[in-house]
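Novice: Structure in structure tokens, see below.
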Amino acid sequence: MSAGVPPSPADSVRFLLDGEAVSAPQLPATTTVLEYLRDVVHRTGTKEGCAEGDCGACTVVLGELAPDGASVEYRAVNSCIRLLPTIDGQELITVESLQAGDGSLHPVQQAMVDNHASQCGFCTPGFVMSLFALYLQCESPPRAQVLDAISGNLCRCTGYRPIIDAGLRMGEYPEPTHWNRAAAGSSERLEALRGLRALRRQGALKVPGFRAPRSCDELAMALEADPTAVLLAGGTDIGLWVTQQLRELPSMIYLGEIAELKRIRSDAEGIVIGAAVPLTEGWGAIVAAYPQLAELAQRFGSPPVRNSGTLCGNIANGSPIGDSMPVLMVLGASIELRQGARTRQLALDQFYLGYQRKDLARGEFIVSVRMAAPLPGQRLASYKLSKRYDQDISAVCAAFLVELQADRIVAARIAFGGLAAIPARARATEAVLTGRAWNEDSIALAVAALAEDFQPLTDLRASNAYRLQAAGNLLRRFYIEVTGAASPVRTAELALAAR
């Protein structure tokens, strides 16, 4: 691998490909990594399936310098919705990169062959790359980790058992000479990536229609000058505007080069997560403080989605079924907003004014989201109902938090996604619970009050009647789990109602 970085135009997108620094030709800012691979450099091993980050056929691996600059972090992402300028200064690895010069297969590929894990083969490169990212991260991954790694990959013909077997066995093969764990963190690779970052520090990336400021001050000035610009973080929503809606976007301002927006701060008062922190790290920090949210974090998209998308991007999008908002609301989260030099704090449950309407002034942006640290006596849970366990849109997403003192509810916070045009708290239900005894009678009254808070819609995911009944049953489930006991009759009733 050549450690040097050849001279190239200051405005080109530069990254490593097969260990060599390359400069992409001048392309539209909305060009995806997948389009570049297939149409420009003709790497057709990476496939296009859904073009929305759902099927995983387009999976590639990106390597990025760790914050300390002493190592490289490798993660799987969906190339179909990842915009090319956002990989500037990183390393791009495709399925073609894995094969050694003598034609021998990588252990991940050989495990797929030996376990008969491919039939038509269309989805196979995506599975290989998802497993390759796991291969670099873990020498002998357990079954649960393999399942999570491929949760964003769909296969219609092979069946998942042999693919899972391949993931479990890939660590049994001898380390390859071409792409092994030592090579991933080699000094040459570090030097090349540092060289790319140094070049970028000398001159800002200048792709038409795309800006990448390096500080919040630069971002604030850019938005003041161009308040209609689209703010781009991970692109897991904006990428769909390009590939599915075929929208002509205004200029874009990318947050990924702003170090202060990529930080997480944790202290005795709580957690602050910057606007450019990927969901992988954001949810990791939340789960570290609130372990009971681990399942919701795992079911939020898939690893490639979580590796690109951001927590604050999920907030800014304001989707009625954004899975992070209900739990953030019950945790009393607030967001820091900035417009020019002015900043303000706003409770998250006051941010949404209506469907796709937010309390956001022209030229204002989210800096970070803050949530409080756990308190004694708090009981917290969040549940997601969807047709699939992994990588699916919620029919109902619920979050519950109560503070108990001597079996009495001194405070209650309840929020839902999927029941209204915006994620929202169930204030009438909270009022019914507050001050009452923590018992089944109080829960029954609260379940009835849900109809005052929400009149759900009917769509392909669920009917309004199902959504309301499911919301009530999730509240009952929360009560049962907190109390740690349930009568056989009540357990049977809830099981039947949830069908």
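The values are calculated or read from the model by the stated rules, or taken from the named source; none is laboratory data. Only a predicted model underlies this, so the values are computations on that prediction, with no experimental measurement involved. For neighbour counting, all protein chains shown are included, and Cβ atoms are generated from backbone atoms with ideal geometry for every residue, glycine included. We work out accessible area using only protein heavy atoms, side chains counted, and drop any ligands, DNA or RNA first. Shrake-Rupley method; radii C 1.70, N 1.55, O 1.52, S 1.80 Å.
Novice: State which residue is nearest to D349 (Cα to Cα) when the search covers only region 372-425 and only residues that are over 23 Å from the mean Cα position of the chain (by Cα) and of a type in the set (S, T, N, Q).
Specialist: Q378
Novice: Right, another one. Which fully enclosed helices (runs of 4 or more DSSP H) of region 124-239 have 1 or more residues being open to solvent by less than 30 Å² (accessible area, probe 1.4 Å) and farther than 28 Å from T86 by Cα?
Specialist: In region 124-239, the matching helices (runs of 4 or more DSSP H) lie at 160-169.
Novice: Just the residues that are part of a loop (DSSP other than H, G, I, E, B) and hydroxyl-bearing (S, T, Y), please, taken from region 69-84.
Specialist: S71, S79, listed by residue number.
Novice: Among E91, E96, E73, which is buried (at least 24 other Cβ atoms within 10 Å of the Cβ), under 18 Å from N180 (Cβ atoms) and not β-branched (V, I, T)?
Specialist: Checking each option against the conditions leaves just E91.
Novice: So which residues in region 85-123 are within 20 Å of S186 (Cα to Cα), of a type in the set (S, T, N, Q) and outside any helix (DSSP H, G or I), if there are any at all?
Specialist: Matches in region 85-123: Q90, T94, Q99.
Novice: Consider I286 against the criteria (1) more than 24 Å from A268 (Cβ to Cβ); (2) buried (at least 22 other Cβ atoms within 10 Å of the Cβ): it satisfies all of them except one. Which criterion is unmet?
Specialist: Result: I286 fails condition (1) only.
Novice: Which of the residues that make up region 25-48 are open to solvent by less than 20 Å² (accessible area, probe 1.4 Å), farther than 10 Å from S79 by Cα and aliphatic (A, V, I, L, M)?
Specialist: Scanning region 25-48 gives a single hit, A29.
Novice: So how many residues does region 298-325 have that are buried (at least 22 other Cβ atoms within 10 Å of the Cβ) and more than 27 Å from Q455 (Cβ to Cβ)?
Specialist: 13
Novice: May I pose another question? Which of the residues that make up region 363-392 are in contact with a strand residue (DSSP E or B) (Cβ under 8 Å, 6 or more places away or on another chain), more than 28 Å from P303 (Cβ to Cβ) and open to solvent by 50 Å² or more (accessible area, probe 1.4 Å)?
Specialist: L375, R379
Novice: Quick one: which of L346, L328 is without any contact (Cβ under 8 Å) to a residue 40 or more places away in the chain and either open to solvent by 20 Å² or more (accessible area, probe 1.4 Å) or under 24 Å from T310 (Cβ atoms) (or both)? Don't jump to the end; show me each part of the working.
Specialist: On the way: L328 fails: without any contact (Cβ under 8 Å) to a residue 40 or more places away in the chain.
Residue meeting the stated conditions: L346.
Novice: Out of everything in region 427-480 that is among the charged types (D, E, K, R), closer than 20 Å to S386 by Cα and part of a helix (DSSP H, G or I), what residue ends up being nearest to the chain's Cα centre (by Cα)?
Specialist: Filtering region 427-480 for residues that are among the charged types (D, E, K, R), closer than 20 Å to S386 by Cα and part of a helix (DSSP H, G or I), the one nearest to the chain's Cα centre (by Cα) comes out as R467.
Novice: Give me the pairs, please: first residue somewhere in region 152-165 and within 22 Å of E52 (Cα to Cα) and without any contact (Cβ under 8 Å) to a residue 40 or more places away in the chain, second residue anywhere and of a type in the set (V, I, T) and part of a helix (DSSP H, G or I), beta-carbon distance under 7 Å, and either six or more positions apart or on two chains.
Specialist: C155/I163
Novice: Would region 300-320 turn up any residue that is within 17 Å of Y254 (Cα to Cα), in contact with a strand residue (DSSP E or B) (Cβ under 9 Å, 6 or more places away or on another chain) and without any contact (Cβ under 8 Å) to a residue 60 or more places away in the chain? Before the answer, list the steps.
Specialist: Taking region 300-320 and keeping what is within 17 Å of Y254 (Cα to Cα), we get 307-317.
With the extra rule that they be in contact with a strand residue (DSSP E or B) (Cβ under 9 Å, 6 or more places away or on another chain), the set shrinks to 307-313, 315-316.
Add one more test, that the residue is without any contact (Cβ under 8 Å) to a residue 60 or more places away in the chain, and what stays is 311, 315.
Scanning region 300-320, I find at least one residue that is within 17 Å of Y254 (Cα to Cα), in contact with a strand residue (DSSP E or B) (Cβ under 9 Å, 6 or more places away or on another chain) and without any contact (Cβ under 8 Å) to a residue 60 or more places away in the chain, so the answer is yes.
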